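What follows is a short report on a single structure.
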Amino acid sequence: MKQTAFITGATSGIGKATAEIFAKNKIRLILCGRRAERLKELQEELSKLTEVTTLQFDVRDRYDVADQIANLPIDFKQIDILINNAGNAHGLSTIQEGNIDDWDAMLDINVKGLLYVSRAIIPQMTTRNSGFIVNIGSIAGKEVYPNGNVYCASKHAVNALNKAMRIDLNKHNIRVSGIHPGAVETEFSEVRFKGDAQKAENVYKGYKALQAEDIADIIHFVITRPYHVNIEDLVVYPTAQASPTIMNKN
Ligand code: NDP
Ligand code: 8X3
């Protein structure tokens, strides 16, 4: 039977690549993000392969999130797979110099946004006693690195919520997997450095970073294991990276 996936942060990077591989594999798609134009383009493109609908919302708006999910078109109401991917780092600075608006953004988007989306979707999974949730964490949720402070805290929270979901949803046969990438070459660094293209480019210079498609491929692998197999947690680095701070650059 055809499955339906709900992907947050589908307008770019890992979320977009996941939408593309899911579409190729005929998974029906609900694609979310704030950038309407990108959602429209993606819908036009991927509709050639599968059924696609889009939701434009900011994950920080709990009422809009709940309302739009409650009002999905009939063919998209049953969500089998939730990919909690929307998120970013905002800034990179010491705790004593941190920008409080950046802190709010990271905690509101990466943690509370993930919760709002999950809370709106999980009850239909528990009622059906089936479902799959993939939470995109980060190596920043496994280790803390200099100047990463609040981003690392937000991803440690995602790591904790991933475990919490697995425990609370266990009796409902819902699989929960966490994927924790190292450096992936996406718009991530552009956002972190507030559009400073040079700084963003430097993050991915001198080695081969992970590509969004690498992570999407892994997500697809995770969700296509036999029903009795739940990959709990995956940490994925580029070969050149040994830890958040150890990078073998040319
Ligand atoms: P991108 O910046 O390329 O994509 C981020 C996505 O999140 C976009 O689609 C963006 O859509 C969406 N998003 C951001 N803020 C909001 C918001 N307030 N409401 C709704 N959607 C939002 O980065 P990546 O693809 O790299 O990041 C995806 C996930 O992977 C994130 O959770 C990130 O923390 C994680 N990650 C990334 C790594 C990397 O090195 N790139 C490594 C480890 C983890 P829009 O702007 O249209 O709303
Ligand atoms: C993104 C990877 O190392 O910039 O989560 O935190 S890192």
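The values are calculated or read from the model by the stated rules, or taken from the named source; none is laboratory data. In this text the structure is predicted, and so the values were computed from the model without any measurement. A quick note on method: Cβ atoms are made from the backbone with ideal geometry, for glycine too, and the neighbour counts reach across all protein chains shown. Ligands, DNA and RNA are excluded from the accessible area calculation, which covers all protein heavy atoms including side chains. Shrake-Rupley method; radii C 1.70, N 1.55, O 1.52, S 1.80 Å.
Data table
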item	result
Top-ranked residue of the range 1-31 - restricted to ones that are open to solvent by 30 Å² or more (accessible area, probe 1.4 Å) and of a type outside the set (Lys, Arg), ranked as farthest from residue 224 (Cα to Cα)	20
Test: residue 120 is part of a helix (DSSP H, G or I), more than 16 Å from ligand 2 (Cβ to nearest atom) and under 21 Å from residue 177 (Cα atoms)	yes
Residue in the range 160-174 that is of a type outside the set (Val, Ile, Thr), in contact with a strand residue (DSSP E or B) (Cβ under 9 Å, 6 or more places away or on another chain) and within 12 Å of ligand 2 (Cβ to nearest atom) present	no
The listed residue being open to solvent by 30 Å² or more (accessible area, probe 1.4 Å), under 13 Å from residue 183 (Cα atoms) and of a type in the set (Ser, Thr, Tyr), out of 224, 245	245
Considering residues of the range 106-122 that are open to solvent by 10 Å² or more (accessible area, probe 1.4 Å) and near ligand 1 (Cβ under 9 Å from one of its atoms) only, the residue nearest to the chain's Cα centre (by Cα)	114
Sole residue being farther than 29 Å from residue 101 by Cα, surrounded by fewer than 19 Cβ atoms within 10 Å (Cβ to Cβ), in contact with a helix residue (DSSP H, G or I) (Cβ under 8 Å, 6 or more places away or on another chain) and charged (D, E, K, R), chosen from 187, 213	213
All positions within the range 190-210 that are touching a residue at least 40 places away in the same chain (Cβ under 8 Å) and surrounded by fewer than 18 Cβ atoms within 10 Å (Cβ to Cβ)	194, 205, 206, 207
Residue count, the range 38-50 (criterion: surrounded by fewer than 18 Cβ atoms within 10 Å (Cβ to Cβ) and farther than 12 Å from residue 12 by Cα)	7
Those residues of the range 123-135 which are touching a Ser or Thr at 6+ places or on another chain (Cβ under 9 Å) and either within 15 Å of ligand 1 (Cβ to nearest atom) or in a helix (DSSP H, G or I) (or both), in sequence order	133, 134, 135
Yes/no for residue 207 being modelled with pLDDT of 95 or more and closer than 30 Å to residue 80 by Cα	no
Breaking point among (1) assigned to a loop (DSSP other than H, G, I, E, B); (2) within 19 Å of residue 122 (Cβ to Cβ); (3) within 16 Å of ligand 1 (Cβ to nearest atom), for residue 72	(3)
